[in-house]
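> Below are the structure tokens for one structure; questions will follow.
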Amino acid sequence: MLSLLFLILYIPAVMSSSSQMAGIFPQDPALPIGSTLTATCSVSPDLGLHASSLFWSLNGRRLPSSSYSVLSPTALSVTLPGLPASRQRSGDNLVCHNHGGHVLAGSCLYIGMPPVKPVNLTCWSRNIKDLTCRWAPGGQGETFIKTKYTLKYKLRWYGRERECEEYNAAQPYSCYIPRDLALFTPYEIWVEATNQLGSATSDVITLDILDVVTTDPPSAVSVSRVGDLEDHLSVRWKSPPALKDFLFQAKYQIRYRLEDNSDWKVMDDVGNQTSCRLAGLRPGTVYFVQVRCNPVGIYGSRRAGIWSEWSHPTAASTPHSERALSGSCDSKSGDSNSTLRRELKQFFGWVRNHAYGCGGMSIKLYDQWRVWMQKSHKTRNQVLQGDKS
């Protein structure tokens, strides 16, 4: 029983000591792509192994003996010319085995490229108190070995250098600063990229938090018909709730497209109103509409903010053209309605040429025109009735 216990205790000790009696030099090297590496496996004479009985493997595949050199009875080298990029960021596995295939020693090879200067660094704040930054790796973006990107920032004229800590694994080239940011004071922000082959630093950008504010998309977007007007749709929405307590004005953009078309038409002159009337549309057609917001003048900032994401698409259809309907009970009434539609189209053609967009002038003119036409049409009917009597 005692001898069995002695064996149990002794075997791990032997295995531990034997694993330390062989080694590979260099250990875990980092090399540029295309380099040539000569590695040496040295074993202790106590193991009773001759170098000629050893062999090498790389990522589980045995290397040809033609690449070996017996340097001494206890040392075997291997030469690997023109090394390709590492297959995995954790490194390629170079292993020295005894004649039975057991592992004597191992080394990780990191074959890649030094980082290139990060580019396209941009930042935005969603609620004035936080900051999110995103960038792109320089060059082709692939170093083939683990590369660490660190976002750093500091107040422009004073303050200590700080590092962003909240990185998003789903978006590897971004970082989130949730708190402790100063307003009315510019920041200097940059990104440092480092790996085992070198380092690189992006250009430094300078910004004030108030100048890079964005919002959530406008909410409660609705699209509806404008009576029986066959080429109009009315769009309404609510301002983003997140910034309603701050001193700012919002300007909006609208874009819309046909149901069977992927090309969007953008209207830039919506201004700061929360409704708009789209004119000149195709009758009997489904349209998809989206709205986005840009905060302007937050706490007196002179610069426009950053456009929000577009709202979710909202769909509505314009009425079908009455000209496509067959049959009529009153030919004179039909002629009168046809004339009215023709005059309206002529009017809105003029509005689009002289007052394009969602400006208040075009809506006001339309309302005045509609009242005038209704009065004119009513007077004309009264005259006709008087003649008949």
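The values are calculated or read from the model by the stated rules, or taken from the named source; none is laboratory data. What you see is a predicted model, and the numbers here were worked out from it, not measured in a lab. Please note: Cβ atoms are built from the backbone with ideal geometry, for glycine as well, and neighbour counts cover all protein chains shown. In case anyone asks, the SASA skips ligands and DNA or RNA and just uses the protein heavy atoms, side chains included. Shrake-Rupley method; radii C 1.70, N 1.55, O 1.52, S 1.80 Å.
> Rounded to two decimals, what is Rg over Rh for the stretch 22-112 when you use alpha-carbon atoms and the Kirkwood radius?
Expressed as Rg/Rh, it is 0.96.
> Just the accessible area per residue of the stretch 119-213, please: how many Å² with a 1.4 Å probe?
54
> How big is the accessible area of residue 128 in square angstrom, nearest 10, if you roll a 1.4 angstrom probe over the protein chains?
10
> Could I ask something else about it? Using only the C-alpha atoms of the stretch 62-184, find the volume of their convex hull and express it per residue in Å³.
Taking only Cα atoms, the stretch 62-184 has a hull volume of 186 Å³ per residue.
> If you don't mind, there's one more thing I want to ask. For the stretch 22-112, give the percent of accessible area contributed by carbon and sulfur heavy atoms, probe 1.4 Å, rounded to a whole number.
55
> If you don't mind, there's one more thing I want to ask. Could you state the principal axis extents of the C-alpha atoms in the stretch 198-300, from the largest down, to the nearest angstrom?
Ordered largest first, the stretch 198-300 gives principal extents of 63, 40, 20 Å.
> For the stretch 86-178, which chymotrypsin sites (Phe, Trp or Tyr not before Pro) are in a loop by DSSP, counting at most 14 other Cβ atoms within 10 Å?
Qualifying residues, ordered by number: 157, 158.
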